[in-house]
Amino acid sequence: MDIYELIKNDHRRLLDVLDSIEATPEANAEQRKRLFSYFRTELMVHAKPEEEIFYGELRRSDLGRHLVQEAMDEHHTLERLVMDIQTSSAKDDDWIGKLRTLRQVLETHMQKEESEYFTLGKQLFQAQDAEDIADRMLAEKGRYGMENPVAVVGKKIKEVLG
């Protein structure tokens with residue numbers, strides 16, 4: 001697996017968790033909060049290694065430094081949105097609206113990453129480099145408690161849902 005496939009898999013997994021949250025009835029606020037807490041963990045397990053490893057490699061070029069600064073700004077925006085939702089009551093009328101705003105910002109970031117950032121990466125990295133970066137990112141994810149993140153997610157969502 002190369003870095004592009006790994007990141008795309010992470011993106012799809014994060015969107016799947018958001019789908020689960022949005023599909024949870026409003027009356028089940030506790031389940032929404034549990035799922036959101038899980039989403040927050042998944043986002044952190046994705047973002048921190050991505051920043052350290054993938055973005056670290058992209059910074060080696062002039063264009064990469066500019067793109068990485070944009071990406072980091074977007075990550076900070078996402079962190080603020082996540083904290084706002086985390087500290088809000090899932091029973092509040094605007095909670096799902098905040099979640100949808102988060103989703104919109106996240107999807108925009110993902111689209112930019114999968115187009116501009118991947119294009120730059122493919123210019124900078126040979127195929128083996130892209131696989132090595134993915135291996136390093138997976139190892140870093142293991143430090144955050146996700147030994148095999150691709151295999152774990154479906155099971156974890158089911159556990160969270162009860």
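Just so it is clear, none of the values below were taken in a lab; they were calculated from the coordinates. Small disclaimer: the values here were computed from a predicted structure and weren't measured.
Helix 95-112 against the longest principal axis of the chain: what's the angle in degrees, Cα atoms only, rounded to the nearest 10?
10 degrees
Ignoring everything except DSSP H segments at least 4 long, calculate the 222 nm mean residue ellipticity for the chain; use -39,500 (n - 2.57) per segment, divide by total residues, nearest 500.
My calculation for the chain gives -25500 deg cm²/dmol from helical runs alone.
Just to be sure I understand: with springs between alpha-carbon atoms less than 10 Å apart, which residue in LEU43, LEU124, LEU14 has the highest mean-square fluctuation in the Gaussian network model of the chain?
LEU124
Anyone know which of GLY97, GLY121, GLY64 comes out most mobile in the 10 Å Cα GNM of the chain?
The residue that fluctuates most here is GLY97.
Binning at 10 angstrom from zero up to the longest distance, how are the C-alpha pair distances of segment 1-78 distributed in percent?
17, 40, 27, 13, 3
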